[in-house]
Structure formats: C-alpha cells, structure tokens
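The values are calculated or read from the model by the stated rules, or taken from the named source; none is laboratory data. Owing to the predicted nature of the structure, the values given are computational and were not obtained by experimental measurement. Methodologically, a virtual Cβ is constructed for each residue, glycine included, from the backbone with ideal geometry; neighbour enumeration extends over all protein chains shown. Keep in mind that these areas ignore ligands, DNA and RNA; they rest on the heavy atoms of the full protein, side chains included. Shrake-Rupley method; radii C 1.70, N 1.55, O 1.52, S 1.80 Å.
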Amino acid sequence: MSEASTSTTSGPDTAAPRERLRLSFEMDVDICVVGAGLAGLTVALEAARLGASVAVLEGRHVGWNASGHQLGTVMPGYGLPIGDLIARVGFEDARELWALSKNGAEYVRATASEELIPGIALSEGALQVSNVDVGDQLISRLQMLGEDFETEVEGWQVDRVRAELKTGRYFHGVYYPKAFQIDGRKYVHGLAELARHAGARIFEDTPVVSIDSSGIRKRIVTPSARLRASHVVLAGNVHLGATLRRLSETLLPVWRYAAVTAPLGERLAEAITFTGSVSDADGIDHFRIVDGDRLMWASPETTWTARPERFGGAIQRRIRRIFPQLGRVEIAEVWGGAVGETVHGMPQIGQLRRGLWVTSGFGRQGLSTSAMAGQLIARSILWGDDRWRLFSPFELVWAGGATGRIAGYAIGMWGRGSSAAAGALARYRERARGQERVREARRAAANRQAGTRPPRPRQPPGRPLPARASEGEGV
Ligand SMILES: Cc1cc2nc3c(=O)[nH]c(=O)nc-3n(C[C@H](O)[C@H](O)[C@H](O)COP(=O)(O)OP(=O)(O)OC[C@H]3O[C@@H](n4cnc5c(N)ncnc54)[C@H](O)[C@@H]3O)c2cc1C
C-alpha cells in the first residue's frame, strides 16, 4: 500500500454520505456544543482532541446555515477595521488580537489538507481591491499591516490590478499572498468527520429548546431527550432564537446570497487572470474562479430571510456591471446564508457565566475567526488558557431587535449607495484626468508646431491645487 493511501485511510472518510443521527437517549458529557456550523464543530474537534467527551446538538444538519454556504476565502482580520481596533483596545492588544486571527487562518490551512479532507482544492492568494482612488492611504495601511502586524502584504498599483482584473471599476489593491481559499462546503463536512473521528458525537435534527445553566452540571433539553454537561458552548449564530433570546438579540442577522455561473470558457480567462479570491474594500462584491472557468460570486444582502433564487438575476447583473465583456452569464446555482453581525464588528468569544460559553458573531469573515475561537475555548475549558479575555472589551450589545434590522438594512443600503457613488465619482475623475491628459498632449503638439511654450496645465476635477512656492513663479 502506498504511503499516500495509508495516510488517507488512517483519517476519517470525509467524502462518504452518512445518515443523520438524532439524540434519542439521555446523555452525560463534559462539553455540549449547540450548533454544527464552523464555530461549533471547531470547538468540538479541538475539545475531543484534548480528551473531553463532547456532544454536538444541531437543530437541522451539519453546515445547514452560513457555514455550508460560504465562498471559502480564508484571511486574517475581523469585521472591525484595523485602525478602529487599535483605537478601541490600544496598539498592543490590537496586535495580539490580529495575531490570533492569523493563527485561526493557519489552523484552517493545517486542517484543510488533502490528506485530512480530500478534494478540498486549496489555492493561494487573496486580493482586496478599492472602489475608489485612494493610493495614498494604501501606503500607510501596507506599512501598518506589514511592519506592525507582521502580515505579508503587497500593494498593487491600479495598472497591476487591471492587468489581472480587466475592469475599470477597481483601482488599487492589497494582495495577501498567505491568504487562501478552499472548498467551503467540503471543509465544514470535513470538520464534522474529523470531530467524529476524534470522538465527538454529533446529533442532527436535534434542536436545543432550553438550557438550565445555573448548576455545576448544566441541563440541556431537546424535543427527544435531555443531556447534562459541565460546559455548554453556544455556537448557534443567529438561529439560537428562544433558547437564549437575550443573547441572540445581540446579533444583527444579515442574509448574504451567492451564485456560481455555468462554465464561461475562454472569455473568463480573458477577463480575469487572478486565480485567488477578490473582494472589494467596501464589502460589496466577493468572487473567485472555480472549476477552471466558472465564476463564484457573492453580493446581495438582506436583513430578512428570502428565497435565494430571487437573487440570481441581481448577481447576474452585478457580474455584467463589473465585467461587461462577459456578456450575460448563465447562473447555475444560487444559495444564501445568514451571518451574525455584532454592533462593534468583533466576534463574541468568551465565558458568559461559569461553564456557559459563546462563540458567535463572525460576520462575513468566519473561517479564520471561528477556527481561532474554537481553539481558544477548547483550550480554556481544558487547559485554563485565558486568552479569550482579549475579547472582553467587546461586550454583548443589543443589536436593536426588529428596529435594528430595519436600521441595519438602511445603513447597509446607504453604505452600498454611498460607496457606489464614491466609485462612480472616482471613475469620473479618472476619465476626466485621462481626457485632460489627451487635451494636454494635443495642446503641447499644437504649441510645438506653432513654436510657442505650452500654457500652464488646467487642474483636473477633484485634485487639490499644488501650493505655489512663491508669487510670480509660473511654468
Ligand atoms: C454567501 C456567504 C459567503 C461567505 N463567504 C465567506 C468566506 O469566503 N470566508 C469566510 O471566512 N466567511 C464567509 N462567510 C461567513 C461565514 O460563513 C460565517 O461567518 C460562518 O459560517 C459562521 O459560522 P457559525 O458556526 O457561527 O454559524 P452557522 O453557520 O449559522 O452555524 C450555526 C448552527 O447552529 C445551529 N443552531 C442554532 N440554534 C440552535 C439550537 N437552538 N439548537 C441546535 N442547533 C442550533 C444552526 O442550525 C446552524 O447550523 C460567508 C457567508 C455567506 C452567507
């Protein structure tokens, strides 16, 4: 037997379909995890690896919500921009928090190996592009990420971005060579298999309807059986619902929709040569090429649940707006999932009361952050590691209930509208500068023919006037 096949057979069979197991008997465990998404499964896997007895209770099935419907891009960082993170917790803690998110990404890389999860299709590199012309701000951001936060980044000038993405919509870019992407669906099911292999029991179709967390041994009630555990980890994201209403109301649910196109052939390679993930800095579009010539694209959002198929047309139009040369692309599949946004933009990680833990609120960037949280919580329960306390400044803040959803939608729409307007203005300025350069060249040519000196160039729209060194100084 070859070495490769030995290592594959010694791991779990992550590809095999399996029957769902429902909890139908009373149970006693060290740790009960509520929710089998990325967050819950990582805690389960890590705790089981460290020797705890673990039961995961999932109301639907593994990866039912966002975790089974993500695009698989793994990057360091949080929803809260790095500058705001420093302002909130100070430079040193911000550095530590950032380093934790990098650890989370490394954890995913180590777990998403072909040996452990066959067919995971890991590919390297992610590019964050700007919708507006802000090259000057880019330099300080690159310096901060590279020097202070020890993250490998490259600044891409407009020409480089547009050589890889043939569209006039994007300007500068920040390239993360150590970021990567994986098959997101395979990853969540692979995590479940690895957790089972490590000894965790996963029960599906088993919603938790109530929790009594007052005693040393917590009581967890499901419609079909009860369970007792020393620790309960709440990893239910926005669907935790009535189980702990006050906790679930600290998250604003945002449904995000994505689609994959039919094969696009050569025209896709002509429009996009970049092979990693692309996201814009305003968090509107996120896309990458899959299966060689299909485009996977996430964009529309709502703060209410809707049928994903309704958004196929919107994604199709969005692709056409950014890459008109692709023409009308055929959409093969549309899906969606709800992410939990916190008011402060940071995830909820920590102990609410003795033995009651939360790991939630990962927003649009849940792969690296939920991996980090899973490790932190498992190690805290079993080893007493208390680094989760770095997240304590980010308290559970009520997200505003139904009013919060309406406000969230309005703010989201305003944000998208204003970034679209800023993008349109940036493109207008760019066109105007281009036209001005053409006029300038024509004037210079005419002046050369006439043998006169060229006049002082006119200021293109949107550019500040250069300060004059002294009165009377001219061109
Ligand atoms: C379209 C889209 C694209 C995305 N792309 C990316 C990406 O490329 N990279 C990235 O990092 N992130 C991405 N994300 C975000 C990422 O998917 C989420 O941050 C992450 O999946 C959240 O994981 P979770 O485990 O906290 O929540 P969930 O996936 O929601 O899992 C929670 C689980 O808990 C269960 N549950 C809830 N309440 C109960 C209860 N009372 N009893 C039992 N079970 C319960 C639910 O059924 C659910 O299965 C994307 C999200 C979407 C929607």
Only one of (1) more than 27 Å from Glu46 (Cβ to Cβ); (2) of a type in the set (Ser, Thr, Tyr); (3) assigned to a helix (DSSP H, G or I) does not apply to Tyr257, and that is (3)
Considering every residue within the range 77-97, establish whether at least one is in contact with a Ser or Thr (Cβ under 9 Å, 6 or more places away or on another chain), buried (at least 16 other Cβ atoms within 10 Å of the Cβ), at pLDDT 95 or above and not hydrophobic (A, V, I, L, M, F, W, C). yes
Scope the range 349-395; condition in a helix (DSSP H, G or I) and under 20 Å from the mean Cα position of the chain (by Cα); matching residues: Gly366, Leu367, Ser368, Thr369, Ser370, Ala371, Met372, Ala373, Gly374, Gln375, Leu376, Phe391
Every listed condition ((1) touching a Phe, Trp or Tyr at 6+ places or on another chain (Cβ under 7 Å); (2) within 22 Å of Ala36 (Cα to Cα); (3) not in a helix (DSSP H, G or I)) holds for Pro76 save (2)
Do the conditions hold for Ala52, that is, is it at negative phi, touching a residue at least 60 places away in the same chain (Cβ under 8 Å) and either out of contact with any helix residue (DSSP H, G or I) (no Cβ under 7 Å at 6 or more places or on another chain) or not in a loop (DSSP other than H, G, I, E, B) (or both)? no
Would you be able to say whether some residue in the range 170-179 is of a type outside the set (Lys, Arg), assigned to a helix (DSSP H, G or I) and open to solvent by 30 Å² or more (accessible area, probe 1.4 Å)? no
Quick check on Thr243: is it of a type in the set (Ser, Thr, Tyr), touching a residue at least 60 places away in the same chain (Cβ under 8 Å) and within 11 Å of the ligand (Cβ to nearest atom)? yes
Expected single match for within 11 Å of the ligand (Cβ to nearest atom), open to solvent by less than 20 Å² (accessible area, probe 1.4 Å), among the β-branched types (Val, Ile, Thr) and at pLDDT 95 or above among Val334, Val339 is Val339
Got at least one residue in the range 38-53 being buried (at least 22 other Cβ atoms within 10 Å of the Cβ), near the ligand (Cβ under 7 Å from one of its atoms) and either over 22 Å from the mean Cα position of the chain (by Cα) or not small (Gly, Ala, Ser) (or both)? yes
From the list Lys166, Lys186, which one is modelled with pLDDT of 95 or more, within 14 Å of the ligand (Cβ to nearest atom) and surrounded by fewer than 23 Cβ atoms within 10 Å (Cβ to Cβ)? Lys186
All but one of (1) modelled with pLDDT of 95 or more; (2) more than 9 Å from the ligand (Cβ to nearest atom); (3) buried (at least 23 other Cβ atoms within 10 Å of the Cβ); (4) over 17 Å from Ala258 (Cβ atoms) hold for Pro324; which doesn't? (3)
Of the residues in the range 280-311, those that are buried (at least 19 other Cβ atoms within 10 Å of the Cβ) and part of a helix (DSSP H, G or I) come to Pro308, Phe311
Of all residues in the range 271-309 being near the ligand (Cβ under 10 Å from one of its atoms) and charged (D, E, K, R), the one that is modelled with the lowest pLDDT: Glu301
Could we say that Asp205 is more than 21 Å from the chain's Cα centre (by Cα), assigned to a helix (DSSP H, G or I) and among the acidic types (Asp, Glu) here? no
Looking at this structure, is Ala338 farther than 23 Å from Ala126 by Cβ, touching an Asp or Glu at 6+ places or on another chain (Cβ under 6 Å) and not basic (Lys, Arg)? no
